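**Student:** Got a structure for you, questions after.
The values are calculated or read from the model by the stated rules, or taken from the named source; none is laboratory data. What you see is a predicted model; the values in this text were computed from it and never measured. Positions of Cβ are generated from backbone atoms using ideal geometry, with glycine treated the same way; all protein chains shown enter the neighbour counts.
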Amino acid sequence: MKRAATIQADASVDVSAAQARQWFLDLETHPERYQFETHAGFAFTAGNFGQVGARFQTWEQFHGLRANLHFELTETSDHYFRFRLLRPPLPIWCAFAIEEHTADITNLSLEVGGTTALGDWLLCLPLVKDTVLRQIQAEVDHIKASIEMIYD
């Protein structure tokens, strides 16, 4: 059973859905596109963004504290990339959803939820929820700007 997202950040991107999806697929050769103020890096440790089972890690800052997060891609389609948090070992999943609004406008969202009731509970704690929402909105805003710059 897939659990619903607990936290979600969205942006409207001025590119086609195919271009938005390609941006993610190109992360293997252009990981620098995923760096911004609180996101110091992104690296594949196995596979690439289009392959189920691919693994990657990120270096992020939350309230000034650095965190090294490890993820595994669990599902892909033309419309989403779904992955789960491996380390730290918390029952959390994430997904990038890519939805065509018009031929040249795409809705991009980053969703976060629990894989268990414990994960949902953790994400509902006010400090956790606010911190995660702030981080994923910054990610979506950064991705939007990067995609539009590349495909302008």
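**Student:** Any idea which residue in the range 110-147 is farthest from His63 (Cα to Cα), counting only those that are out of contact with any Phe, Trp or Tyr (no Cβ under 9 Å at 6 or more places or on another chain), surrounded by 16 or more Cβ atoms within 10 Å (Cβ to Cβ) and in contact (Cβ under 8 Å) with a residue 40 or more places away in the chain?
**Tutor:** Lys144
**Student:** Without any contact (Cβ under 8 Å) to a residue 40 or more places away in the chain and among the β-branched types (Val, Ile, Thr): is that true of Thr102 in this structure?
**Tutor:** Working: without any contact (Cβ under 8 Å) to a residue 40 or more places away in the chain: yes; among the β-branched types (Val, Ile, Thr): yes.
Yes; evaluated as a whole, the condition is true for this residue.
**Student:** Within the range 129-142, is there a residue that is touching a Lys or Arg at 6+ places or on another chain (Cβ under 9 Å) and within 18 Å of Phe71 (Cα to Cα)?
**Tutor:** No: the range 129-142 contains no residue that is touching a Lys or Arg at 6+ places or on another chain (Cβ under 9 Å) and within 18 Å of Phe71 (Cα to Cα).
**Student:** Out of the range 32-43, which residues are modelled with pLDDT under 85 and within 15 Å of the chain's Cα centre (by Cα)?
**Tutor:** From the range 32-43, those modelled with pLDDT under 85 are 34-43; that's our starting set.
Result: Tyr34, Gln35, Phe36, Thr38, His39, Ala40, Gly41, Phe42, Ala43.
**Student:** From the residues in the range 41-51 that are loosely packed, with under 15 Cβ neighbours inside 10 Å and among the hydrophobic types (A, V, I, L, M, F, W, C), which one is farthest from Gln137 (Cα to Cα)?
**Tutor:** Only one residue tops the list, namely Ala46.
**Student:** Which members of the range 78-120 meet the condition of being among the basic types (Lys, Arg) and in contact with a Cys (Cβ under 8 Å, 6 or more places away or on another chain)?
**Tutor:** Quick first cut of the range 78-120, residues among the basic types (Lys, Arg) only: 82, 84, 87.
Answer for the range 78-120, where residues must be among the basic types (Lys, Arg) and in contact with a Cys (Cβ under 8 Å, 6 or more places away or on another chain): Arg82, Arg84.
**Student:** Another question about this same structure. Select, from Thr29, Thr102, Thr38, the only residue that is within 18 Å of Ile143 (Cα to Cα), surrounded by fewer than 16 Cβ atoms within 10 Å (Cβ to Cβ) and of a type in the set (Ser, Thr, Tyr). Let's see the steps before the verdict.
**Tutor:** Details: Thr102 fails: within 18 Å of Ile143 (Cα to Cα); Thr38 fails: surrounded by fewer than 16 Cβ atoms within 10 Å (Cβ to Cβ).
Just one listed residue meets the conditions, Thr29.
**Student:** Quick check on my filter: what residues within the range 75-91 are closer than 20 Å to Leu118 by Cα and more than 13 Å from the chain's Cα centre (by Cα)?
**Tutor:** Taking the range 75-91 and keeping what is closer than 20 Å to Leu118 by Cα, we get 82-91.
Within the range 75-91, Leu86, Arg87, Pro88, Pro89, Leu90, Pro91 meet the criteria.
**Student:** Scanning the range 69-88 for residues that are in a strand (DSSP E or B) and of a type in the set (S, T, N, Q), which turns out modelled with the highest pLDDT? So that I can check it myself, show each step before the final result.
**Tutor:** Here is the first cut: in the range 69-88, the ones in a strand (DSSP E or B) are 69-76, 80-87.
Adding the requirement that they be of a type in the set (S, T, N, Q) leaves 74, 76.
Working: Thr74: 95, Thr76: 92.
Filtering the range 69-88 for residues that are in a strand (DSSP E or B) and of a type in the set (S, T, N, Q), the one modelled with the highest pLDDT comes out as Thr74.
**Student:** Could you identify the single residue in Val52, Val15 that is part of a loop (DSSP other than H, G, I, E, B), closer than 20 Å to Thr106 by Cα and more than 14 Å from the chain's Cα centre (by Cα)?
**Tutor:** Working: Val52 fails: closer than 20 Å to Thr106 by Cα.
Selected residue: Val15, the only one of Val52, Val15 that is part of a loop (DSSP other than H, G, I, E, B), closer than 20 Å to Thr106 by Cα and more than 14 Å from the chain's Cα centre (by Cα).
**Student:** Could you say whether any residue in the range 117-125 is outside any helix (DSSP H, G or I) and modelled with pLDDT of 95 or more? Step through it out loud before you land on a result.
**Tutor:** Step one: of the range 117-125, the residues outside any helix (DSSP H, G or I) are 125.
Narrowing the set further to residues that are modelled with pLDDT of 95 or more leaves 125.
Yes, some residue in the range 117-125 is outside any helix (DSSP H, G or I) and modelled with pLDDT of 95 or more.
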